[in-house]
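Engineer: This structure is in structure tokens; I'll ask about it shortly.
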Amino acid sequence: LDHFRKLGQFRARHVALARGAHAKLADAPYTFSRVSAEDRVVVALGAAGTTSINVAGVFADGTRVRDAYTGAIGTVAAGKVQLAVHARGVVLLEQVN
């Protein structure tokens, strides 16, 4: 239940998931962005341990992002953000205001 609650809350906060342009960012872990005029997110599936997630072209270097699945916060450097990933392998990145 907690897993689906997190996914639902993330979807409710981000219109880009429903209306944004989709772009694949990486194969392993499978990473994609959804970007609309007013919103942008990055989702990675199949990640493990502490990993670097490619966010180039979506979030600028120096941007603080939060993994909505774990609550972990990271800063983008060289087009990537490094985070400890939940055991389910899901990463839901959103910009921290």
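The values are calculated or read from the model by the stated rules, or taken from the named source; none is laboratory data. Nothing here was measured: the structure is a model prediction, and the numbers come from that model. Don't worry about glycine lacking a Cβ; one is built from the backbone with ideal geometry, like all the others, and counts go over all protein chains shown. These accessible areas exclude ligands, DNA and RNA; they are computed on the full protein's heavy atoms, side chains included. Shrake-Rupley method; radii C 1.70, N 1.55, O 1.52, S 1.80 Å.
Engineer: Is it true that some residue in segment 8-29 is under 12 Å from the mean Cα position of the chain (by Cα) and of a type in the set (V, I, T)?
Structural biologist: Within segment 8-29, none of the residues are under 12 Å from the mean Cα position of the chain (by Cα) and of a type in the set (V, I, T).
Engineer: List the number of the failed condition for A47; all other conditions in (1) under 18 Å from G71 (Cα atoms); (2) open to solvent by 70 Å² or more (accessible area, probe 1.4 Å) hold.
Structural biologist: Here A47 meets the rest and fails (2).
Engineer: Take residues that are in contact with a helix residue (DSSP H, G or I) (Cβ under 6 Å, 6 or more places away or on another chain) and tell me which of the strands (runs of 3 or more DSSP E) falling wholly in the chain contain 1 or more.
Structural biologist: 30-35, 40-45, 90-95
Engineer: Here is a further query. Go through segment 73-95 residue by residue and tally those that are open to solvent by less than 30 Å² (accessible area, probe 1.4 Å) and over 19 Å from H22 (Cβ atoms).
Structural biologist: Total meeting the criteria: 6.
Engineer: Confirm whether A21 is free of Cβ contacts under 8 Å to residues at least 40 places away in the same chain, farther than 16 Å from L7 by Cβ, exposed (fewer than 14 other Cβ atoms within 10 Å of the Cβ) and in contact with a Lys or Arg (Cβ under 9 Å, 6 or more places away or on another chain).
Structural biologist: Judged against the criteria, A21 is a match.
Engineer: Here's another thing I want to ask about it. If you check V42 against the conditions, is it of a type outside the set (K, R) and within 11 Å of the chain's Cα centre (by Cα)?
Structural biologist: yes
Engineer: Continuing with the same structure: Go through segment 25-41 and give me each residue that's open to solvent by 40 Å² or more (accessible area, probe 1.4 Å) and farther than 20 Å from T63 by Cα.
Structural biologist: Answer for segment 25-41, where residues must be open to solvent by 40 Å² or more (accessible area, probe 1.4 Å) and farther than 20 Å from T63 by Cα: D27, A28, Y30.
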